[in-house]
Structure formats: structure tokens, C-alpha cells
Amino acid sequence: MLLPMNDKQFGFWAMRRKGVPNITIAHQLGISRQAVSRALLVMDEKIGTALKEMAHANQIATDSINTERGILLGRSIPFQTAAIIFVSEKHGVQVWYEHDGDCGTCQRYTECIELLWDYACELGIRIEKTADPTEMAEELFKKVKEIT
């Protein structure tokens, strides 16, 4: 299932994830609090479905899921390692496997740095600046697990 990232309901969900109360969302958009609540229930269902489908497609056994944060924690069956599936406003649904990469030689180095910084910002998590995406990911996902 593809998530409707440009959909109004996704916008409500993203605002709530940033800590904006439903009543504030309603006032800002000129709609009722009940309309926001109904939209968020629908969006939580869509987020949950997307996370579960991604876990299934990647053979990840689910340990926990938090639809309000857009996070699924699990374990990769084929790789025998921890995995996290998360929803990013900018990058869509992403899968990250716990690993020790050779980031200095990887072609995706810059892409990984950008993804991790963007996701940390979306969640309001501060991570220390480092040049190693593996270390950034370890720090970020440790903090993510604490809020899940």
C-alpha cells in the first residue's frame, strides 16, 4: 500500500506526530476536532497497513508497532538482524537494517546521511553530528526505540 503523502489526512498525521494537539490542528484548518480525530483514525490504519506490508515483503518479524509515530520494530528473518521500518514525510516508507557498513566506500553515503538527518528532524530528535551514517543510525534508532 502506498501512503498518500500529499493527502490532507497524512498532513494531520504528520502534525500530530510533531506533537500538535488535535484541537490545534482543527483550529488551524478551520474544521472540527471530531473531523481531525476521524481522519487520524483512518490514517493510523493506513500507516499500520503500510508498515505491516513492508515487513511482510522484507521478511521482517514484527516486535512492536507504533502507528502514531509510524514505526515498526522487528527482526529480519533472512539477515538475522534488527530492523526498523519507518514512515518519513520526505522519503516515504523506509527499511533500515542494523549493520556495520563500510560507509566511507559506499555510493549511498550522502543519501544515508540525508535520510537520517531528515528523519531525526521529522521526529524532533537531536543526534550528534558525525560523518558515519552507521553511527548516526545507531544513535537515532536507539532514541526512536525509547519513544516507541
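Is it fair to say Leu51 is modelled with pLDDT of 95 or more, in a helix (DSSP H, G or I) and closer than 26 Å to Asp100 by Cα? Spelling it out, Leu51 is indeed modelled with pLDDT of 95 or more, in a helix (DSSP H, G or I) and closer than 26 Å to Asp100 by Cα.
Within the range 108-141, the set of residues being over 21 Å from Ser64 (Cβ atoms), hydroxyl-bearing (Ser, Thr, Tyr) and touching a residue at least 24 places away in the same chain (Cβ under 8 Å) comprises Tyr109, Thr134. Total residues in the range 67-126 satisfying the condition of being of a type in the set (Phe, Trp, Tyr) and in contact with a Pro (Cβ under 7 Å, 6 or more places away or on another chain): the figure is 1. How about the range 98-128: which of its residues are within 30 Å of Gly11 (Cβ to Cβ) and charged (D, E, K, R)? Residues satisfying the conditions are Arg108, Glu111, Glu114, Asp118, Glu122, Arg126.
Residues that are touching a residue at least 12 places away in the same chain (Cβ under 8 Å), farther than 29 Å from Gly11 by Cβ, surrounded by fewer than 13 Cβ atoms within 10 Å (Cβ to Cβ) and under 19 Å from the mean Cα position of the chain (by Cα) are absent from the range 67-78 altogether.
The values are calculated or read from the model by the stated rules, or taken from the named source; none is laboratory data. Because the structure is predicted, anything quoted here is derived from the model rather than measured. Neighbour counts run over all protein chains shown; Cβ positions are idealised from the backbone, glycine included.
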